[in-house]
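Encoded as structure tokens, the structure appears first; notes follow it.
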Amino acid sequence: MKTALITGITGQDGSYLAELLLKKGYTVYGMHRRTSTEPFERIAHIKDQIHLVGGDLTDMGSLLSVLKEAKPEEVYNLAAQSFVPASFSQPTLTANVTGLGALNMLEAIRQVDPSIKLYQASSSEMYGKAQETPQTEKTMFYPRSPYGFSKLFAYWATRNYRESYGIFASNGILFNHESPRRGLQFVTRKISDSVAKIKLGLQKELVLGNLDAKRDWGFAGDYVEAMWLMLQQKEPDDFVIATGETHSVREFCEVAFKHVGLNYKDYVVSDPKFFRPAEVELLQGDASKASELLGWKPRTPFKELVKMMVDADMERHSLLRSKL
């Protein structure tokens with residue numbers, strides 16, 4: 001039986017990955033920051049099967065303690081300040097957690113047990129102002145946000161520790177991946193949540209930023225399988241994980257509203273104040289390498305993903321309203 005440590009276990013990806021590893025018979029440790037409130041909503045249904053440990057990527061001492069306690073064969077570093085707009089208002093925090101935090105984990109592994117395998121959550125935001133389309137593992141990076149360049153620091157730290165110390169450390173360059181567990185501040189969940197509220201008469205309009213921005217959107221539940229597959233290989237490597245399709249924010253709105261019998265044009269407003277200081281117009285990934293070497297392919301079509309998210313928010317708000 002293998003033991004895995006997941007940082008960021010209370011997040012979207014952490015919860016799906018924990019489910020996957022538990023099904024595979026792993027002993028799962030989940031690292032979380034101690035706060036005055038307990039953010040365990042996404043893992044409430046499996047909390048009694050997980051060993052939760054307090055720790056913080058910015059505190060090397062806590063990482064050393066967690067690794068010594070958990071004794072994992074695999075570490076999945078998913079923790080980060082991951083909301084791109086917030087990275088513009090909190091650039092130093094983002095760099096400390098998302099960038100230096102990953103370096104701290106690499107160094108902790110080197111000190112405690114260099115045989116531990118590490119998955120580092122890299123991001124399509126590292127491509128930013130994309131230099132070619134679609135983006136592959138060989139595409140030049142051009143990040144356009146503090147989040148993007150913090151992830152790029154973590155990416156190169158991971159490669160450096162792999163090449164300098166022989167640590168099995170792989171980067172998963174994941175393109176946008178969504179689910180009903182996505183945070184409400186992210187545009188896709190903001191849309192699905194608002195669609196449910198508007199349909200139920202709880203909200204009148206939806207205000208968004210750039211409706212023409214295009215993204216490669218997949219289902220988070222599919223993408224965590226790729227994370228696991230990367231650490232089952234003979235050699236560490238870096239992989240783009242994506243669907244290869246792009247859809248605009250406008251199209252996401254269109255599908256979401258249509259699913260509940262509404263026309264998005266009647267409710268959606270674009271406001272420049274929600275535009276990023278440096279906009280990322282188009283991201284599209286080429287996951288051919290992952291398909292060939294990992295045998296991974298996305299299973300959830302775009303429209304199915306959108307409908308899944310809308311249905312979950314409809315159910316949640318209907319339940320909340322019935323309790324009033």
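The values are calculated or read from the model by the stated rules, or taken from the named source; none is laboratory data. The model shown is predicted, which means the values in this text are computed figures rather than measured ones. Counting neighbours? That spans all protein chains shown, and the Cβs are built from the backbone with ideal geometry, glycine included. Just so you know, the surface numbers come from the protein's heavy atoms only, side chains and all, with ligands and any DNA or RNA stripped out. Shrake-Rupley method; radii C 1.70, N 1.55, O 1.52, S 1.80 Å.
Yes/no matrix, rows are residues, columns are (1) at pLDDT below 95; (2) not basic (K, R):
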residue: N96; (1), (2): yes, yes
residue: Q111; (1), (2): no, yes
residue: M126; (1), (2): no, yes
residue: S164; (1), (2): no, yes
residue: G172; (1), (2): no, yes
residue: P180; (1), (2): no, yes
residue: K190; (1), (2): no, no
Would you point out which residue out of I198, I167, I191, I173 is of a type in the set (V, I, T), open to solvent by less than 30 Å² (accessible area, probe 1.4 Å) and in a loop (DSSP other than H, G, I, E, B)?
I167
Residue list for segment 13-45, restricted to those being under 17 Å from the mean Cα position of the chain (by Cα), at pLDDT below 95 and open to solvent by 30 Å² or more (accessible area, probe 1.4 Å)
P39, E41, R42
Can you tell me which residues in segment 69-103 are open to solvent by 60 Å² or more (accessible area, probe 1.4 Å) and either under 19 Å from R189 (Cβ atoms) or touching a helix residue (DSSP H, G or I) at 6+ places or on another chain (Cβ under 6 Å) (or both)?
P85
Of everything in segment 46-68, what is in a helix (DSSP H, G or I) and either open to solvent by less than 10 Å² (accessible area, probe 1.4 Å) or closer than 16 Å to Y26 by Cα (or both)? Give them in sequence order.
K47, D48, Q49, L63, V66, L67
Take the conditions without any contact (Cβ under 8 Å) to a residue 12 or more places away in the chain and assigned to a loop (DSSP other than H, G, I, E, B) and apply them to Q233. Does it pass?
no
Using the structure shown, decide if K307 is among the charged types (D, E, K, R) and assigned to a helix (DSSP H, G or I).
yes
Close pairs (6 angstrom Cβ cut-off, 6 or more residues apart or separate chains): without any contact (Cβ under 8 Å) to a residue 12 or more places away in the chain and more than 12 Å from N171 (Cα to Cα) in segment 104-132, open to solvent by 10 Å² or more (accessible area, probe 1.4 Å) and among the aromatic types (F, W, Y) anywhere:
Q131/Y142
Only unsatisfied item for V269, checking (1) under 30 Å from T3 (Cβ atoms); (2) in a strand (DSSP E or B), is (1)
Given the conditions (1) within 21 Å of S179 (Cβ to Cβ); (2) in contact with a Lys or Arg (Cβ under 9 Å, 6 or more places away or on another chain); (3) part of a loop (DSSP other than H, G, I, E, B), which single one is not true for K297?
(2)
If we scan segment 2-12, do we find a residue that is on the phi > 0 side of the Ramachandran plot and surrounded by 17 or more Cβ atoms within 10 Å (Cβ to Cβ)?
yes
Name the residues in segment 133-151 that are open to solvent by 10 Å² or more (accessible area, probe 1.4 Å), part of a helix (DSSP H, G or I) and touching a strand residue (DSSP E or B) at 6+ places or on another chain (Cβ under 8 Å), would you?
Y147
